[in-house]
Amino acid sequence: SGCWGLTEPGIGSDAVGVKTTSVDKGDHYLLNGSKTFITNAPIADYMIVITRQVDESGKSLAEGIEGGTAFVLERGMDGLSTGKPFKKMGHRASPTGEIFMENVKVPKENVLGKPGRAFFDMKHSLDVERVIFSGLGIGMSRFCLESASKYALSRKQFGKPIAAFQMIQDHIANMTTQYDVAEKYLHYVTEQMVAGIDVNKTGAIAKYFIGKAVNTITDLAIQCHGGYGYMEEYQVERYDRDAKLFEIGAGTNEIQKLIIAKQTLKEFS
């Protein structure tokens, strides 16, 4: 299995501000630093890490989006270690943890892409990740909509299924609308991505909208289930915990809105 490490203890949304360093030693690079909140880090055999190239004195060879270099690391390399899986609110089947690099000697052939170009390549990778990640939210939303609908049809109160009550119908209508719009927009963005069209803006829209939609849908699913929705016996409580990650992972909602606004203003400038 593998993972890729960008986020650091002091660096999250400011992706190009990474502090993990790589120094060119002639026939190899020397890596120092750490990564955190990395999916699969505790179990990964191979790890892609993003670093900033510096000289022997520690001075960056280039500032901003320039100077980033990616490497493929292999578990077992001297100086490379990972921490224990974090205890998380949700997505517990997916181990998340830290990567530590202390004078890790990395062969030149383990450079991924061109030295100094990692931040440029990373931008495209993040666009793709947001689209794929959004698909998980769609699947989760579908399950919750189906579960809430079936429960509402079978659960009886006051002598009739709760699906007959307008407040429950309001929840179902809200969930359905958000799900259908989100699913169809994601199909549109996916078709763009497959066709090779830049999805920086549309991918951010999908990630932002679906992140909010899945949180609304999972919350309303619990409401439709009433007290049973709060119990582990019904999976909707698990998905409600899982849903929050869609507003944080692969770029926070706030970052998505910045991307959307920037691209829109650029179009009309």
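Read-outs throughout are calculated quantities, based only on the coordinates presented, and are distinct from any laboratory measurement. Keep in mind that what you see is a predicted model, and the values were worked out from it rather than measured. Note that each Cβ is placed from the backbone with ideal geometry, even for glycine, and that neighbours are counted across all protein chains shown.
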- Among Met167, Met140, Met89, determine the one that fluctuates most according to a GNM of the chain built with springs between C-alpha atoms less than 10 Å apart. Met167
- Query: Quick one: helix 118-154 against the long Cα principal axis of the chain, what's the angle to the nearest 10°, folded into 0 to 90?
  - Reply: 20 degrees
- Return the FRET efficiency for the residue pair Ser13, Met167: r is the Cβ-Cβ distance, R0 is 45 Å, and the value is rounded to the nearest 0.05. 0.70
- Query: Stretch Leu61-Ile197 to full length: gain in nm at 0.36 nm per residue minus the Cα-Cα span?
  - Reply: 45.7 nm
- Task: Kindly flag which residue pairs out of Lys184/Lys266; Lys25/Lys59; Lys84/Lys207; Lys25/Lys105; Lys35/Lys84 have an alpha-carbon separation exceeding 20 Å in this structure.
- Result: Lys184/Lys266; Lys84/Lys207
- Please determine, in degrees from 0 to 90 and to the nearest 10, the orientation of helix 253-267 with respect to the longest principal axis defined by the Cα atoms of the chain, where the helix direction is its Cα long axis. 80 degrees
- Message: Run the numbers for Phe143 and Glu109: contour at 0.36 nm per residue of separation, minus the present Cα-Cα distance, in nm.
- Response: 7.8 nm
- Query: For segment 82-119 and segment 180-242, what is the separation of their Cα centres, given in Å?
  - Reply: 27 Å
- Most positive-pole-ward Cα, Ala261, Phe246, Gly211, against dipole of segment 122-267 from beta carbon charges: Ala261
- Note on the structure: Across Gly159, Gly113, Gly249, the residue with the highest GNM fluctuation in the chain (Cα network, 10 Å cutoff) is Gly159
- Item | Candidates Pro85, Pro161, Pro95: whichever shows maximal mean-square fluctuation once the chain is modelled as a Gaussian network with Cα springs under 10 Å | Pro161
